[in-house]
Amino acid sequence: MKKSILSLIVLLIGSNVFSSGLTPSEVVADFNDAANEYDMERYVYHFSEGTVNEFVDFFESLYQMRERKEFEQLTGMQIEEFLEYSDTEKLVIIFEGIAESEEEFEVAVDIEILSESIDGDNSTVIILRDDDEEEEEEEIHLVLENDEWKLDYTGE
């Protein structure tokens, strides 16, 4: 079952279904909607390649420290099987496991887009986050990859 779902993810990613032609602000809004809807395929799709790699490296170091059984419960598969997937697929599997195990996926908040600036292949979108406890302005950095805007958390 997981393999057929992941095959669909790869197909969707390859066909640019999620963000083809979207502005940086639209990508940020869709990313937030994906988090609020627990749509991890769409959520991960909006990450830059560098961001995906950093997340996967972080999670790989975690599962190497965790007990095998705990990791297999989170992902629904053995580590050897997990390692056969692409980094994007790995990240979807991990976020799906986290979202299923948490009462509320902690990135789900209401946002308001305040501004957008584009400088070549880089963009900054400023949002107002409202997580019911406080409102806070935040800068979201995006990079242009394969003619699509992607959220970039690499700090580069």
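The values are calculated or read from the model by the stated rules, or taken from the named source; none is laboratory data. The shown structure was predicted, so the numbers you read here are calculated from the model rather than taken from an experiment. FYI the Cβ positions are ideal-geometry reconstructions off the backbone, even for glycines, and counts take in every protein chain you see.
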Worksheet item: Which condition number does residue 42 fail, the rest of (1) modelled with pLDDT of 85 or more; (2) under 20 Å from residue 126 (Cα atoms) being met?
Response: (2)
Item to complete: Filter the range 113-156 down to residues that are surrounded by 13 or more Cβ atoms within 10 Å (Cβ to Cβ), out of contact with any Gly (no Cβ under 6 Å at 6 or more places or on another chain) and either in a loop (DSSP other than H, G, I, E, B) or among the small types (Gly, Ala, Ser) (or both), then give me how many there are.
Response: 4
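Residue by residue, here is whether (1) at pLDDT 95 or above; (2) of a type outside the set (A, V, I, L, M) holds:
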{"residue": "28", "(1), (2)": "yes, no"}
{"residue": "47", "(1), (2)": "yes, yes"}
{"residue": "69", "(1), (2)": "no, yes"}
{"residue": "86", "(1), (2)": "no, yes"}
Discussion item. If I ask for residues that are without any contact (Cβ under 8 Å) to a residue 24 or more places away in the chain, part of a helix (DSSP H, G or I) and surrounded by fewer than 20 Cβ atoms within 10 Å (Cβ to Cβ), which ones from the range 32-59 would you list?
Written reply: 33, 57, 58
Response to the item:
Flagged pairs (Cβ under 9 angstrom, 6 or more apart or on separate chains; first in the range 67-84, closer than 20 Å to residue 99 by Cα; second small (Gly, Ala, Ser) and modelled with pLDDT under 85) are 73/97; 73/101; 74/97; 74/101; 75/97; 76/97
